[in-house]
Structure formats: C-alpha cells, structure tokens
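Asker: Below: one structure in structure tokens.
The values are calculated or read from the model by the stated rules, or taken from the named source; none is laboratory data. No experiment lies behind these values; they were computed from the predicted model shown. Here Cβ is always computed from backbone atoms with ideal geometry, including for glycine, and neighbour counts include all displayed protein chains.
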Amino acid sequence: QVQLVESGGGLVQPGESLKLSCVASGSTLDYYAIGWFRQAPGKEREGISCITTTDSTYYADSVKGRFTISKNNAKNTVYLQMYSLEPEDTAVYYCATDRGDGATCQPGRLDHDYWGQGTQVTVSS
C-alpha cells in the first residue's frame with residue numbers, strides 16, 4: 001500500500017518562502033512520478049508541478065519560475081520549494097502518485113491513484 005504524508009505548510013506573509021515535503025512509503029519513488037496539487041476553498045483542484053522517476057520536472061504556468069520540485073530517493077521524499085508566495089497561493093497542498101509509467105508526467109493531469117492528506121499553506125499579511 002502506497003502512503004504519502006505531506007508536511008511543511010504554515011502561515012507566511014506575501015513575498016516569503018516555504019518548503020513542503022512529501023514522504024512516500026517503501027519504493028514508491030522508484031516506480032511512480034509524483035505530482036503536487038493544490039485546492040483552495042470553492043475552487044477545483046489544480047495540478048501545479050510533477051517530477052518523474054528520472055528527475056524530469058514540469059510546472060503549471062501559475063507557479064513556473066517561483067516553485068521548484070525536487071526529490072531525494074534515499075529519504076523517500078519529494079519537495080516543493082515555494083518562493084515569492086502571494087495570497088492566491090493559499091490552499092491545501094497535496095502530493096500524489098501519477099498513474100503513468102513513471103517516466104513522464106504532466107502537471108495538469110488529475111488521474112493519480114494515491115494521495116496524501118494535504119498540508120495547509122496560508123499567505124496573508
């Protein structure tokens with residue numbers, strides 16, 4: 001059973017940075033591409049970034065240039081480094097396993113099989 005646990009969320013002021021972590025069980029990162037998603041109240045879930053088993057990375061336009069995804073297989077952890085945060089970034093952030101072969105991913109795809117419980121990011125002055 002794949003398990004994912006997000007952490008690192010919190011309250012920050014506009015312009016500040018935050019780094020999220022997604023810890024995956026077992027050998028998950030050897031077989032699955034991992035996506036980061038976010039969902040604000042009243043809005044649809046949005047795919048924002050993903051990373052493949054070979055460390056290829058992709059970003060949605062809304063976060064490109066501000067967010068960086070990376071992973072450390074030895075620690076079974078995927079990271080999302082977020083810079084220049086703004087109030088519109090406020091949401092619950094989730095990580096999830098991509099349904100594909102692991103070698104490719106697209107941040108807009110929502111067909112993911114396993115999801116974490118999410119971590120809250122709030123950007124406010």
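Asker: Go through segment 64-83 and report how many residues are in a loop (DSSP other than H, G, I, E, B) and not small (Gly, Ala, Ser).
Answerer: Residues meeting the conditions: 4.
Asker: Still on this structure: Do we find that residue 102 is assigned to a loop (DSSP other than H, G, I, E, B), under 18 Å from residue 25 (Cα atoms) and either touching a residue at least 40 places away in the same chain (Cβ under 8 Å) or of a type in the set (A, V, I, L, M) (or both) in this structure?
Answerer: yes
Asker: What are the pairs, 6+ residues apart or on separate chains, where a residue within segment 64-81 that is on the phi > 0 side of the Ramachandran plot has its Cβ under 7 Å from a residue that is assigned to a strand (DSSP E or B) and modelled with pLDDT of 95 or more?
Answerer: Qualifying pairs under 7 Å: 76/23; 76/24.
Asker: Among the numbered criteria (1) part of a loop (DSSP other than H, G, I, E, B); (2) surrounded by 14 or more Cβ atoms within 10 Å (Cβ to Cβ), which one does residue 15 miss?
Answerer: (2)
Asker: Here's something else I'd like to know. If you go through segment 84-99 one residue at a time, how many are part of a loop (DSSP other than H, G, I, E, B) and under 18 Å from residue 17 (Cβ atoms)?
Answerer: If we filter segment 84-99 for residues that are part of a loop (DSSP other than H, G, I, E, B), which is where we start, we get 84-86, 90, 99.
Among the residues that remain, those that are also under 18 Å from residue 17 (Cβ atoms) are: 84-86, 90.
Total satisfying the criteria: 4.
Asker: Tally time: how many residues in segment 69-121 are surrounded by fewer than 16 Cβ atoms within 10 Å (Cβ to Cβ), among the polar types (S, T, N, Q) and within 13 Å of the chain's Cα centre (by Cα)?
Answerer: The total comes to 5.
Asker: Filter segment 18-63 down to the residues that are under 19 Å from residue 117 (Cβ atoms), assigned to a loop (DSSP other than H, G, I, E, B) and in contact (Cβ under 8 Å) with a residue 60 or more places away in the chain and list them by number.
Answerer: Of everything in segment 18-63, those that are under 19 Å from residue 117 (Cβ atoms), assigned to a loop (DSSP other than H, G, I, E, B) and in contact (Cβ under 8 Å) with a residue 60 or more places away in the chain turn out to be 32, 45.
Quick grid of which residues meet (1) among the polar types (S, T, N, Q); (2) within 19 Å of residue 6 (Cα to Cα); (3) out of contact with any helix residue (DSSP H, G or I) (no Cβ under 9 Å at 6 or more places or on another chain):
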| site | (1), (2), (3) |
| --- | --- |
| 28 | yes, yes, yes |
| 52 | yes, yes, yes |
| 69 | no, yes, yes |
| 78 | no, yes, no |
| 91 | no, yes, yes |
| 121 | no, yes, no |
